[in-house]
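What follows is a short report on a single structure.
Bear in mind these aren't lab numbers, they're just calculated from the coordinates by the rules spelled out. Fair warning: this is a prediction, and the values are worked out from it, not measured in the lab. Please note: Cβ atoms are built from the backbone with ideal geometry, for glycine as well, and neighbour counts cover all protein chains shown.
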Amino acid sequence: MSLFSFLGTLEIGLIYGLVAIGVYLTFRILDFPDLTVDGSFTLGAAVTATLIVMGVNVFLATLAGTIAAACAGLVTAWLNLRFDILHLLASILTMTALYTINLRVMGKPNVALIMEPTILTPFEGMFGLPDMYMRVIFVAVCAIAGGLLVAWFLRTQYGLAMRAVGSNKRMAQANGIVVKQKVYAGLALSNGLVGLAGALFAQTNGFADSTMGIGTIVVGLAAVIIGQSLFASRSMYVIVLSCIVGSVLYRLAVSMALNADFLGFSASDLNLITAVLVALALIFPKLRNEWKAKQAARKEA
Amino acid sequence: MISCKELHVTFNRGLPTEKLALRGIDLTIPQGEFVTVIGSNGAGKSTLLNTIAGDINSTKGQILFGDRDVTKLPATGRTADIARVFQDPLAGTCGDLTVEENMALAYGRGQRGRLSSALNSKMRKVFREQLSRLNLGLENRLESEMGLLSGGQRQSVSLLMSALQPSTILLLDEHTAALDPKTAALIMDITSQIIAEKQLTVMMVTHSMRQALDHGSRTIMLHEGKIIFDLAGEKRAGYEVKDLLNLFAQAKSDGEELDDDKLLLGA
Ligand SMILES: Nc1ncnc2c1ncn2[C@@H]1O[C@H](COP(=O)(O)OP(=O)(O)OP(=O)(O)O)[C@@H](O)[C@H]1O
Ligand SMILES: [Mg+2]
C-alpha cells in the first residue's frame, strides 16, 4: 500500500470512527437498533454541501448538517416512543424517507465541493505540513475529541441514566429516570455524530451524493464489533475510543484485502470482505476464551 | 401517609381480554405504619403496589401521599417519595452496569440527571459502608458487573439501593421470594433495620403467612381486587398462621376456583 492510499484509508477510518461511536450509542448503550444512520450520514453531507455551495460559512454549514441529522434521530425515536412502532421498523421508515429528503435538499443526485471552501481550508498549509497529513490530523482530532466528549458524557449522571435505560427500563424508572427523554437524547446524539461524519466526509472527499450513506450501518457495526473484540474493558474511555480504532482497522483490513493481488478481490467484493471481517471479529474473542480455558485446565492437571 | 380511595384498575379496557384487577380499594396507611399484604396469585397485590408507585394508571379513584394528590403523577414524579424492591432480583438492578454504578443511580434518585460525574469517592465510601452491612463481601466488588452477582446478592444490593436516598414509603413486592432461606432471613433482617432507621411507611407483599404476621403491625388480604380483611392491633396479635389459613380458605370458598395455593401457604 502506498503512503498516499494509507493516509487516505486512515482518514476515512477516522471519519467513520464517529459513525461507530454513534452506532455504539444506539445498539449497545440504548439497546435500540437504529438503521436511521444510512440516511442521516447522507443528510449531514447533503445539508452541509448544499449550504456551502450557497455560500454559508463552512463551520455553520457543518453544524447545520449535524443538527439536521440529529433531528432525523428524533423522528425515529418519536415513531418508536409515541406510536410503539418497533425500533428497527421505525428507523427503516425514517431512513427510507430520508432518501427522498436528501435528494430534495440537494436538488440533484450529487453536489460537488471541489471548487468550494471547506472546513479544511482554514487549516491548509498549517505548520507547513503537506495537505494529506494535515487532513488526517484534522479528522483524527475531530474523531478523538468526539470520542472523549461522548465518553465523558457517558460517565456523567445523565449518561449513566441513559445506560440504565438501555439496560433495565423498569429499574431506571423506579429510580426517577425519565426513560423517553433519554431515548430521544441518545438517538439525537447518535445521529448527530453520524451526520457530522457525513459532513466531514463530503468536505474531505469533495462531494455529497444521495447514495453515499448506503451500508453506513454495517460499517459502523463492523467497527464497533472489531474494536470491542480487541479491547475488553469496562472503562468508557477505552470502549468509545476502541470504536475509532475498530473503524480504522476495518478500513485498513479492507484496503489490504483489496490490494492483495493474490486474493484476487475487486472493489465490488467489498461486502463479502466486510462480512468475513465481522465474522472473524465475533469468532476471535470466543476462540481466545476457549483457548484460555484450555490452558487453565492443563495447568490444573 | 398513603391513602387510596375507591381505587380501580382495569387492564385492556374495552378489549375482549379486559381484566378488572383492582375493584375499589379503600386503604389508609398512616405515616410509619408497616403493612403486610397477602392474597392468592392474581389477587391484585402487585397491581396495587405498581399503581401506588405510578407504573400503572388507575382507571378510577384517587391516591394521596399525605394530603398531596398524586393520582395523575407519573412514576418518575413519585420516586422522591417511594423506594421499591421488586420480586425479581433481576428487575431492581442493571446487569450491564457495575455494582457502584447501580448504586449511583439509586443515590441520584429523585434528582435530575446532571452533567456532573456520576461517581465520586464520597459516594464510593457510602456504598462500601452500606455493602459491608450485608456481610457478603460485596464491599470489595464495587467494580464488578452486577450481572455476575448471584440472585440473592443482587437482591441484597437492590434493598440497600432503596435506602440510599431519603424517602417516606417503601414498597416491597415478595422481595425475599426468590432467595434461599438463609439469605431471605438476612434480607428480612436488614429490611427491618432500614425501616426502623428511616421510620418508613411500608407495604410488603408476601406469600408467607409467617412473615405476614411476624413483621409489621397490620395485615391486609386481597382477593380478586378487593381488600377482604384488614387485621391490626390486639386481634392480629392473637392470630396464628392457621387462623390466617382459615381466613384464606374461607375467601376461597366464597370465591370460585380452588387451586393449589395451599402449597404456597405452608411456610
Ligand atoms: N399488564 C397486565 N395486563 C393484563 N392483565 C394483567 C396485567 N398485569 C396483571 N394482570 C392481571 O391482573 C390480575 C392481578 O395481577 P397481580 O400481578 O396484581 O397479582 P398478584 O396478586 O401480584 O399475584 P402473584 O401473587 O402471583 O404475584 C391478574 O389476573 C393478572 O393476570
Ligand atoms: Mg405479584
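Please tell me the relative contact order of chain B in percent, rounded to the nearest whole number, where contacts are Cα pairs under 8 Å and at least six residues apart. Walk me through the numbers before you get to the answer.
On the way: 464 pairs, mean separation 69.0, N = 267.
The value is 26 percent.
For B:Lys60, give me every one of the aspartates and glutamates with a C-alpha distance below 13 angstrom, ignoring sequence neighbours fewer than eight places off in its own chain.
Reachable aspartates and glutamates: B:Glu6, B:Asp26.
Specify which residue in the list A:Gly166, B:Ser253, A:Gly246 is farthest towards the positive end of the charge dipole of the protein assembly as shown, using unit charges on the beta carbon of Lys, Arg (+1) and Asp, Glu (-1), about the Cα centre.
Checking the options against the dipole of the protein assembly as shown, the answer is A:Gly246.
Would you mind checking the tilt of helix B:151-162 against the longest principal axis of the Cα atoms of chain B, expressed as 0 to 90 degrees and rounded to 10?
Around 90 degrees separate the two axes.
Can you give me the C-alpha center-to-center distance between region A:46-79 and region A:91-133, rounded to a whole angstrom?
Distance between centres, Cα-based: 11 Å.
Kindly give the semi-axes, whole Å and largest first, of the ellipsoid equivalent to region A:140-272, taking each as the square root of 5 times a Cα gyration tensor eigenvalue.
Values: eigenvalues 210, 61, 39 Å².
Each semi-axis is √(5λ); the values are 32, 17, 14 Å.
Note the angle between two axes, namely the Cα long axis of helix B:121-132 and the longest principal axis of the Cα atoms of chain B, as a number of degrees from 0 to 90, rounded to the nearest 10.
Roughly 50 degrees between the two axes.
Can you give me the pair-distance distribution of region A:199-283, C-alpha pairs, 10 Å bins, whole percents?
For region A:199-283, the pair-distance distribution reads 17, 41, 34, 9, 0.
What does the charge add up to near A:Leu74, with Lys and Arg as +1, Asp and Glu as -1, over the other residues with Cβ less than 12 Å from its Cβ? Present the calculation step by step, with values, prior to reporting the outcome.
Working: positive: A:Arg82, A:Lys180; negative: A:Asp34.
Overall, the nearby charge balance is +1.
Under 5 Å between amide H atoms, partner at least 5 residues away or on a different chain: which partners does A:Phe32 have, H built in plane at 1.01 Å?
Those qualifying (amide H under 5 Å, at least 5 residues apart or on another chain) are A:Phe27.
Given a Förster distance of 30 Å, report the FRET efficiency between B:Glu6 and B:Ala80 from their Cβ-Cβ distance, rounded to the nearest 0.05.
Details: r = 26 Å, r/R0 = 0.85.
Here the calculated transfer efficiency is 0.70.
Just checking the output field for B:99-109: average partner chain Cβ neighbours within 10 Å of each residue's Cβ? Display every interim value, and only then the final one.
On the way: counts 0, 0, 6, 6, 0, 5, 13, 4, 2, 7, 4.
The per-residue average across the peptide is 4.
Which value, in debye to the nearest 20, gives the size of the charge dipole of chain B about its Cα centre, when Lys and Arg are +1 and Asp and Glu are -1 at the Cβ?
Details: 30 positive and 33 negative charges, 171 e Å.
Its charge dipole is roughly 820 debye.
How would region B:47-120 be classified by its alpha-carbon gyration tensor: rounded, prolate or oblate, with rounded meaning a/c under 1.5 and the a/b versus b/c comparison settling the rest? Mind showing how you got there, number by number?
Working: a/c = 3.07, a/b = 1.68, b/c = 1.83.
Oblate.
With the radius of gyration and the Kirkwood radius both derived from the Cα set of region A:6-53, what is their ratio Rg to Rh? Display every interim value, and only then the final one.
Details: Rg = 13.0 Å, Rh = 12.1 Å.
Computed over Cα atoms, the ratio is 1.07.
Principal axes first, then extents: for the Cα atoms of region A:103-189, list largest minus smallest coordinate on each axis, whole Å, largest first.
55, 38, 16
Using only atoms on other chains, find how many Cβ atoms lie within 10 Å of each Cβ of peptide A:150-158 and report the average.
Values: counts 0, 0, 2, 1, 1, 4, 7, 13, 7.
Rounded to a whole number, the mean comes out at 4.
Could you tell me the convex hull volume per residue, in Å³, taken over the Cα atoms of chain B? Write out the running numbers ahead of the final one.
On the way: hull volume 38.6 nm³, N = 267.
Once divided by residue count, the hull of chain B is 145 Å³.
How far is it, in nm, from the label point at B:Asp214 to the one at A:Met1 when both lie 7 Å from their Cα along the line to the Cβ?
Output for this residue pair reads 6.7 nm.
Enumerate the whole-percent occupancy of each 10 Å bin, from 0 to the last occupied one, for all C-alpha pair distances of region B:30-169.
Histogramming region B:30-169 at 10 Å steps yields 11, 36, 33, 17, 2 percent.
Against the globular-protein guess of 2.2 N^0.38 Å, express the Cα radius of gyration of the protein assembly as shown as a ratio, rounded to two decimals. Can you show the working numbers first?
Details: Rg = 28.8 Å, N = 568, 2.2 N^0.38 = 24.5 Å.
For the protein assembly as shown, the normalised Cα radius of gyration is 1.18.
As I understand it, the dipole of chain A uses +1 on the Cβ of Lys and Arg and -1 on the Cβ of Asp and Glu, about the Cα centre. Which of A:Phe262, A:Ser190, A:Val53 lies farthest toward its positive end?
A:Ser190
What are the principal axis extents of the Cα atoms in region A:3-214, in Å, biggest first?
The principal-axis extents, from largest down, are 57, 36, 28 Å.
In percent, how large is the relative contact order of chain A, given Cα pairs closer than 8 Å and 6 or more residues apart?
Details: 499 pairs, mean separation 101.5, N = 301.
Over chain A, the number comes to 34 percent.
Which trypsin sites (Lys or Arg not before Pro) from region A:220-299 combine a DSSP loop assignment with at most 13 other Cβ atoms within 10 Å? Write down the numbers at each step before the final one.
Details: sites: A:Arg234, A:Arg251, A:Lys286, A:Arg288, A:Lys292, A:Lys294, A:Arg298, A:Lys299; in loops: A:Arg234.
Passing both the DSSP loop test and the Cβ count: A:Arg234.
Let me have the relative contact order for region A:156-301, percent, based on Cα pairs under 8 Å that are six or more residues apart.
On the way: 87 pairs, mean separation 22.9, N = 146.
Relative contact order of region A:156-301: 16 percent.
Once Rh is set to the Kirkwood radius over Cα pairs, what Stokes-Einstein translational diffusion coefficient, in µm²/s, holds for region B:89-182 at a temperature of 20 °C and a viscosity of 1.002 mPa s? Walk me through the intermediate numbers first.
Values: Rh = 13.7 Å.
So the translational diffusion coefficient is about 157 µm²/s.
Using a Cα-Cα cut-off of under 23 Å, which lysines could be cross-linked to B:Lys242, ignoring same-chain neighbours fewer than 8 residues away?
B:Lys45, B:Lys226, B:Lys252, B:Lys262
Per-residue Cβ counts within 10 Å, from other chains only, averaged over B:76-85: what number is that? Show your work: numbers first, answer last.
On the way: counts 10, 2, 2, 5, 1, 0, 2, 2, 4, 1.
For this peptide, the per-residue mean of nearby foreign Cβ atoms is 3.
Under the rule that an exposed site lies in a DSSP loop and has at most 11 other Cβ atoms within 10 Å, name the longest stretch of chain B with no trypsin sites (Lys or Arg not before Pro) of that kind, not counting the sites themselves.
Working: sites that count: B:Arg13, B:Lys72, B:Arg112.
Counting only loop sites that pass the neighbour cut-off, the longest clear stretch is B:113-267.
Taking the Cα centre of region A:3-214 as origin, work out the dipole magnitude from +1 charges on Lys and Arg Cβ and -1 charges on Asp and Glu Cβ, in debye rounded to 20. Before the final figure, lay out the partial values.
Working: 11 positive and 9 negative charges, 161 e Å.
It works out to roughly 780 debye.
On a C-alpha basis, how far is the centre of region B:145-186 from the centre of region A:200-275 in Å? Whole number, if you could?
Distance between centres, Cα-based: 44 Å.
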